[in-house]
Structure formats: structure tokens, C-alpha cells
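*Asks:* Take this structure, written in C-alpha cells, and hold onto it; I'll ask about it next.
Just so you know, all these numbers are worked out from the coordinates, no wet-lab data involved. What you are looking at is a predicted structure, and each value in this text was computed from that prediction instead of being measured. Quick reminder, even Gly has a Cβ in these numbers, built from the backbone with ideal geometry, and neighbours come from all protein chains shown.
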Amino acid sequence: MKNSFDEKILEEANDWVNANQKVVLATVIQTWGSSPRQVGSRMIVNEKGDFSGSVSGGCVESAVVRECIGLIKDNKPCKKLEFKVSNESAWEVGLACGGEIAVYLEQVN
Amino acid sequence: MKLQTLKSIIEKKKNKSEFAIITNLSNGESEIFEKDKSLSKEMQIYSNQINEFFKLKKNGVIENSEIFVETYVLPIKVIVVGAVHIAQYLVDFSKSLNFEISIIDPRGYFASEQRFPDMKIINKWPDEAFKEIETNENTALIALTHDPKIDDPALQHALKKKFYYIGALGSKKTHENRCQRLKEAGFSGEQINSIHGPIGIKLGGRSAPEIALSIIAQLVSETYKK
């Protein structure tokens, strides 16, 4: 098995830390059913809510950003989030694609 | 994750070493796993499972545990023969992918620093150049000169070493002649048919970036077939 895509997201996380920003790594650790990004996909979020990378196809990123900011505010080291299939009501966070994912948040410290 | 761990991951990626990150999800502690290095005490009970993930280049949570394993895969070596216009775009496209390109071109005026800033260009004939590069069945070859003097020795090397992807630029006619020469050189029909020629998937475009895109698309698709 080969992988033709290299996410340079940890390199970017390091740049953010060097610029004195607080950084949370959000990593897809489990998926069930059809999910847009595979296990190991990652995004980073800083205390202002700037983010880079992705953990889904745009379905849950806003919730992940909120949770990451919360983690920094509460000064907690880590947290696990699970996202399930959304019902169809507009703007609700969930995976329209019908999958489920678990995302792990951890602060760089 | 500790900043120190983050920094050593980046360092290991730079040094092209194979490793995995092991994270204890219950407390956020993580460590780096390498083939011949022992794990910390608390991770040792998962040693078999971690090795299994590492061998299969798999990411995931170990069953009935709170341990997440993330394996880092080495970049794929891609040898481009011919420092031509298309090669400049191949270099651009591969920047966001996990391909590590080396360019071989004995013609100094093509392989200039100005045309390929920050690129490793081997300004030698392929037979000489391949002495400097370690290649195997995980290597890819893109032959772009359509000059038999330069392309043929590289194609022969790639066939002998069983590269997983071999592509050669040139029209159908050029490719027919090329196949004939390889046949005369003693290569089997099966070997010759494994060469993608004319190179690339059919996109319709004829400009250098469009051809480069069609080549990269074919390379990615062949990478996942294996």
C-alpha cells in the first residue's frame, strides 16, 4: 500500500507554534460507513479559530473549530468527539454522506 | 502532543525514515515508534498490534483499547528523464503529493538551476545516473525526452528493476518503434506492455501543464492499484 498524498499539516502546526499561537490537532481516528476523509486525516486550529486541513468534507469542521477553542480556553489536554449522520434540518452539524467519524483533539504543549 | 514530539516527527519525515505515532487517547500522551526501537513500558503490551499496523501501513485504534496508531509512509520515488517543459509542471504538481522527483538529463542546457530551482537534477546519462539512485519495485519512471539515446537505457533499467509505473512520452508511432527496439533488446511482450505509452490518461489537452496533469493522474491511479 502506498500513499500518494502527504499532508504537510504538522509542519504547519509547528510554524503556528513558532508564531506563538496555541494549536490544537484534530485527527480522524475512526470512521464507520462512508466518510469523506480517511483515518489519520487532520486539521489544526488556533485560539482565534483559524484552521487548516480537514477532517471531513466541510460537514463538521465548524463544530470541531468550536470544540478546539473550548479546549484551549479550558486548558484541557485532549478530547474525543463523535459525529453521526445528520438529519436533514439545515445547518445542523452532522455528516450528510451517511457516515460516522470519531475525531480526537489534542493540544500541542 | 508534546511540541518536542511534533518536532521530531517533522525531522523524521525530512530524513525519510519510516515510523508511526502511538497515542494514548485516554491521556493524550504520544510517542514515536520505529522498527528497531523499544516502546515505553505502558505501550509494550500492544507491541504485536502496533507492529501489525506498521507492517500493513495502516492507521487506526487498536481493538478494545484507547491506543491510536498512525503510520507514516515514505514518499514515492519518481524518476523523470528529460528536464523538459512538462517536467517543470510535474515538479509543481508533485509538491502537494507524496512524490519525490529526481530528474535525469545529460543535456546541461535543459537541466539548469534557473529552470528547476531547488531541484535535484542529475546531469548524466541514465546508465550513470542510476548508479546514484537506489531504485526498486516501488519506484516510478516518467520518460519524457522521446529520444531513444536517452529514454531507452532508462526504460530498460526500469523494466529490469520492475518499477511499479513506467510511462514514456511520444506518439503512437514513436511508441511502436520504441517497443520494437525493446523487443530486439530481449524484453518480453508482457514487460513491454507494462509501459504506459503514449503516457498519461486521455484528458484531451496538449499544453505542457495539461500533459503533466494527465501523467500525474495516471501515476496516482497506478499507485493505488498496487
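*Asks:* Hey, for a label at B:LYS37 modelled as a point 7 Å past Cα toward Cβ, could you say which residues of segment B:1-31 have their backbone N under 15 Å away?
*Replies:* B:2-23, B:30-31
*Asks:* Given +1 on the Cβ of Lys and Arg, -1 on the Cβ of Asp and Glu, and no further charges, what dipole in debye does the protein assembly as shown carry about its Cα centre, rounded to the nearest 20?
*Replies:* 700 debye
*Asks:* Then there is this: Please compute P(r) over all alpha-carbon pairs of segment B:3-72, binned at 10 Å starting from zero, and give each bin as a whole-number percent.
*Replies:* Going out from 0 Å in 10 Å bins, segment B:3-72 shows 20, 58, 21, 0 percent.
*Asks:* Answer rounded, prolate or oblate for segment B:103-180, using the Cα gyration tensor with square roots of eigenvalues a ≥ b ≥ c: rounded when a/c is under 1.5, else prolate when a/b is larger than b/c, else oblate.
*Replies:* oblate
*Asks:* A follow-up question, please. Calculate, for B:ASN138 and A:ALA19, the FRET efficiency according to 1/(1 + (r/R0)^6) with r their C-beta to C-beta distance and R0 35 Å; round to the nearest 0.05.
*Replies:* That gives a FRET efficiency of 0.45.
*Asks:* I've got another one for you. Work out the length of the dipole vector of segment B:76-225 about its Cα centre, built from +1 on the beta-carbon of each Lys and Arg and -1 on the beta-carbon of each Asp and Glu, and round it to the nearest 20 debye.
*Replies:* 320 debye
*Asks:* Please list, in order, the residues from segment B:165-201 whose amide nitrogen is less than 20 Å from a point placed 7 Å along the Cα→Cβ vector of B:GLU18.
*Replies:* Flagged as within label range: B:165.
*Asks:* Between segment B:180-223 and segment A:43-83, what is the C-alpha centre distance in whole Å?
*Replies:* If you average the Cα positions of each part, the centres end up 43 Å apart.
*Asks:* Here is a further query. By count of other Cβ within 10 Å, fewest leading, how are A:CYS68, B:CYS179, A:CYS78 ordered?
*Replies:* B:CYS179, A:CYS78, A:CYS68
*Asks:* Per the Kirkwood definition applied to all pairs of different Cα atoms, how many angstroms is the hydrodynamic radius of segment B:56-158?
*Replies:* Taking the inverse mean of 1/r over all distinct Cα pairs, segment B:56-158 comes out at 15.2 Å.
*Asks:* A:LYS8 versus B:ARG181, label points 7 Å from Cα toward the beta carbon: distance in nm?
*Replies:* 3.7 nm
*Asks:* Compute the Kirkwood hydrodynamic radius of the protein assembly as shown, taking the inverse of the mean of 1/r over all pairs of distinct Cα atoms, and give it in Å to one decimal.
*Replies:* That comes to 22.2 Å for the protein assembly as shown.
*Asks:* Starting from segment B:32-120, pick out the chymotrypsin sites (Phe, Trp or Tyr not before Pro) whose DSSP state is loop and whose Cβ has at most 14 other Cβ atoms within 10 Å.
*Replies:* Taking segment B:32-120 and a limit of 14 other Cβ atoms within 10 Å, the loop chymotrypsin sites (Phe, Trp or Tyr not before Pro) found are B:TYR109.
*Asks:* Take the Cβ-Cβ distance between B:SER221 and A:LYS80 as r, set R0 to 45 Å, and report the resulting FRET efficiency rounded to the nearest 0.05.
*Replies:* It comes to 0.80.
*Asks:* Once both labels are modelled 7 Å past Cα along the beta-carbon direction, what's the B:SER207-B:ARG107 spacing in nm?
*Replies:* 2.3 nm
*Asks:* Of all the C-alpha pairs in segment A:9-107, what % are more than 21 Å from each other?
*Replies:* The proportion of pairs with Cα distances above 21 Å equals 29 percent.
*Asks:* Taking a spot 7 Å from the Cα of B:LYS161 along the direction of its beta carbon, which residues of segment B:99-131 have an amide N less than 17 Å from it?
*Replies:* Those under the cut-off are B:99-106, B:120-131.
*Asks:* Can you list the trypsin sites (Lys or Arg not before Pro) in segment B:116-192 that are in a DSSP coil and have 15 or fewer other beta carbons within 10 angstrom?
*Replies:* Here the sparse-neighbourhood loop sites are B:LYS120, B:LYS124, B:LYS131, B:LYS161, B:LYS162.
*Asks:* Please work out whether segment B:76-225 counts as rounded, prolate or oblate from its C-alpha gyration tensor, where a ≥ b ≥ c are the square roots of the eigenvalues and a/c under 1.5 means rounded, while otherwise a/b larger than b/c means prolate and anything else oblate?
*Replies:* rounded
*Asks:* What number comes out for the charge environment of B:SER96, summing +1 per Lys or Arg and -1 per Asp or Glu over other residues with Cβ under 10 Å away?
*Replies:* Once all neighbours under 10 Å are counted, the net charge is -1.
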